[in-house]
Amino acid sequence: MAKKVGILTAGGDCPGLNAVIRGAVKNAEHNDIEVYGFLEGYKGLYENRFVRLDSKAVSGIISQGGTILKSNNGTNNFAMPEINEKGEKVYVDRSEEIAKRLRDEGFDCIIVVGGDGSLKSARDYMLRGLNVVGVPKTIDNDVPYTDVTFGFNTAVAVATEGIDRLHTTAESHGRIMILEVMGRYAGWIALSSAIAGGADTVLIPEIPYDLNKVMEKIEERRREGKNYSIIVVAEGAKPKEGTISIREVEQDKANNSGLDSVKLGGAGAFVSKEIERLSGQEARSTTLGYLQRGGTTCPYDRILSTEYGAFAMQLVADGKYGRMVTMLNGKLQSISLDEVAGHDTKIGTKSSNIKLVDLDSDLVKTARRVGICLGD
């Protein structure tokens, strides 16, 4: 039976991370398991930096955004940048030695709280003989095999408030207001907040958009005497015959196969500029960005995060390693990390499963039924 367990939070911060940590620690104490938190995700795992976690350490953190363990999304233990004897930058796999050190120090299991890339690394550590349990984390809600990820509902609430606030300015000035929200490959936040906020158009990565269709919606509203419009744009949305809007490519990460090196940005600004050109009407773009990640965690996500954390520790207590916590049809379950991280088993590969918006889903149908334009 497990007696010593590590936990780390990897990738971008997300509402509910602290509640996951708290849920795991609380359940660990019921099972006489010692918990240690690695600082700054996989960076702390590499540098062997960790702190003891108990009830006192997690007291009062359930409502706090961020993570008391800090996080890092620029470290890949399977390709660590180092300078060789020739002064050249090379990438070295340090995972084997890290896994051995953790076993030698008596860690029975490591709980990894992260998104697609972080869970792939967790799966790869499993292939190195390390016991791991995964907890899905992304506000984008695009991790497969689970109904919903924690942080998503908080992000939708923030985006919806943004739409509510833009409504009054748009109507007062007769403007077209564009709100860019997160959603790299999947449009869950954009679509959900557009419905909740009463937006007129929503552009998501799953549907390459036609600006002429967006203009038709704007003209339709004008005929109805509404001289303003609200458009929600996911950061990964792209026009037909076009590409996604890229802010920059981090070259160091581009050489590191385990990390996504492309930073998105500018989708909302592009739509704003083009719509202003086509309509002759003033258009303004607002990007929520990191506001969706921070601040107070909503009650739904506090509950979900606590469930995920406590259940992850229960999997550890029951010796069910190599699994990821899921919520399917409203019931806590688990699935093999092999399924979540891609069907290949080659360490360092990029293949993954992304849960996209089903274009035949009730969510999409509802948007269409209430007259929201999806750009197609």
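The values are calculated or read from the model by the stated rules, or taken from the named source; none is laboratory data. Everything numeric here is computed off the predicted structure, so don't read it as measured data. Neighbour counts are summed over all protein chains in view; Cβ atoms, including those assigned to glycine, are modelled from backbone coordinates with ideal geometry.
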In region 134-151, the residues that are within 25 Å of Gly322 (Cβ to Cβ), surrounded by 24 or more Cβ atoms within 10 Å (Cβ to Cβ) and either at pLDDT below 90 or within 11 Å of the chain's Cα centre (by Cα) (or both): Pro136, Lys137, Thr138, Asp140, Asn141, Asp142, Val143, Thr149, Phe150, Gly151
Helices (runs of 4 or more DSSP H) lying entirely in region 102-197 (those with 3 or more residues that are in contact (Cβ under 8 Å) with a residue 12 or more places away in the chain and among the polar types (S, T, N, Q)): 152-173
Residue within region 6-24 that is over 16 Å from Val113 (Cα atoms), part of a helix (DSSP H, G or I) and not aliphatic (A, V, I, L, M) present: no
Filter result for Ile347 (modelled with pLDDT under 90 and not in a helix (DSSP H, G or I)): yes
All positions within region 25-42 that are assigned to a loop (DSSP other than H, G, I, E, B) and under 20 Å from the mean Cα position of the chain (by Cα): Leu39, Glu40, Gly41
Only listed residue being under 17 Å from Thr138 (Cα atoms), modelled with pLDDT of 95 or more and in contact with a Gly (Cβ under 9 Å, 6 or more places away or on another chain), chosen from Asn18, Asn27, Asn72: Asn18
Positions within region 314-338 being among the hydrophobic types (A, V, I, L, M, F, W, C), touching a strand residue (DSSP E or B) at 6+ places or on another chain (Cβ under 8 Å) and more than 13 Å from Asn131 (Cβ to Cβ), in sequence order: Met324, Val325, Met327, Leu332, Ile335
Of the criteria (1) basic (Lys, Arg); (2) more than 17 Å from Gln314 (Cα to Cα); (3) touching a Gly at 6+ places or on another chain (Cβ under 7 Å), which one Lys4 fails: (2)
The listed residue being modelled with pLDDT of 95 or more, over 18 Å from Cys14 (Cβ atoms) and not charged (D, E, K, R), out of Leu166, Leu203: Leu203
Qualifying residue in region 45-52 (condition: over 29 Å from Thr306 (Cβ atoms), crowded, with 18+ Cβ neighbours inside 10 Å, touching a residue at least 40 places away in the same chain (Cβ under 8 Å) and touching a Phe, Trp or Tyr at 6+ places or on another chain (Cβ under 6 Å)): no
Residue within region 75-95 that is within 18 Å of the chain's Cα centre (by Cα) and not in a helix (DSSP H, G or I) present: yes
Given (1) closer than 22 Å to Gly309 by Cα; (2) more than 20 Å from the chain's Cα centre (by Cα), number of the condition Gly129 does not satisfy: (1)
Condition met for Asp104 (among the charged types (D, E, K, R) and over 25 Å from Leu359 (Cβ atoms)): yes
Single residue of region 243-283 satisfying the filter (among the aliphatic types (A, V, I, L, M) and modelled with pLDDT under 60) that is nearest to the chain's Cα centre (by Cα): Leu259
Filter result for the condition that a residue is modelled with pLDDT of 95 or more and buried (at least 24 other Cβ atoms within 10 Å of the Cβ), over Ile110, Ile33: Ile110
